[in-house]
Amino acid sequence: MEQSQISERSRGVALILGASIGVFGAHRFYTGKIATGILQLGTVGGLGLWWLYDMILLLTGSFRDVDEKRVWNWWEPGPGQASPGASSEQMEAILFELDAMRSDMGELNERVDFVERVLARAKDREALPGH
């Protein structure tokens, strides 16, 4: 990939913004995508689905800035760093974060299932005679 196709924006910063307040479009504002940032702000990250899609793009290095350049470099490129790429330590950190995200999503799924069961029981109790 040519250096001219790579954004000057930091993928690390975009990912931190996205992970912390990304449902409000913070990572999109950072990368210059103001209009879609406002849309994410108004829809709370497309009810979380658009936000999740953006997080996957950021993690894989496929997210693009307002100039359609890939947000690739994790931090500011140093002198002599002509070609983008992640070291094995960075890849391990990414994989660790992905595993943590999978675990969090599984836990969230269990919580949603529990709430659905509780609501279903409450609805069944209301349907019983005498309540």
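Per the Debye calculation on the chain with a single equal scatterer at every Cα and no solvent contribution, log₁₀ I(q)/I(0) for q = 0.13 Å⁻¹ amounts to -0.63. Between Ser62 and Ala120, what FRET efficiency follows from the Cβ-Cβ distance if R0 is 30 Å, with the result rounded to 0.05? Using R0 = 30 Å, I get an efficiency of 0.15.
What's the local net charge at Leu15, with K and R +1, D and E -1, over the other residues with C-beta under 14 Å away? Summing Lys/Arg as +1 and Asp/Glu as -1 gives +1. With the simple model of a label 7 Å out from the Cα in the direction of the Cβ, Ala127 to Met91 spans 5.3 nm.
Give the residues of the stretch 39-54 whose amide nitrogen is closer than 17 Å to a point set 7 Å from the Cα of Ala19 in the direction of its Cβ. Only 51-54 fall inside the zone, counting backbone N under 17 Å.
Each value in this text was obtained by applying a stated rule to the coordinates, not by laboratory testing. Computed from a prediction, not measured in an experiment: that's the story for all the values here. No Cβ is skipped: glycine too gets one built from the backbone with ideal geometry, and neighbour counts run over all protein chains shown.
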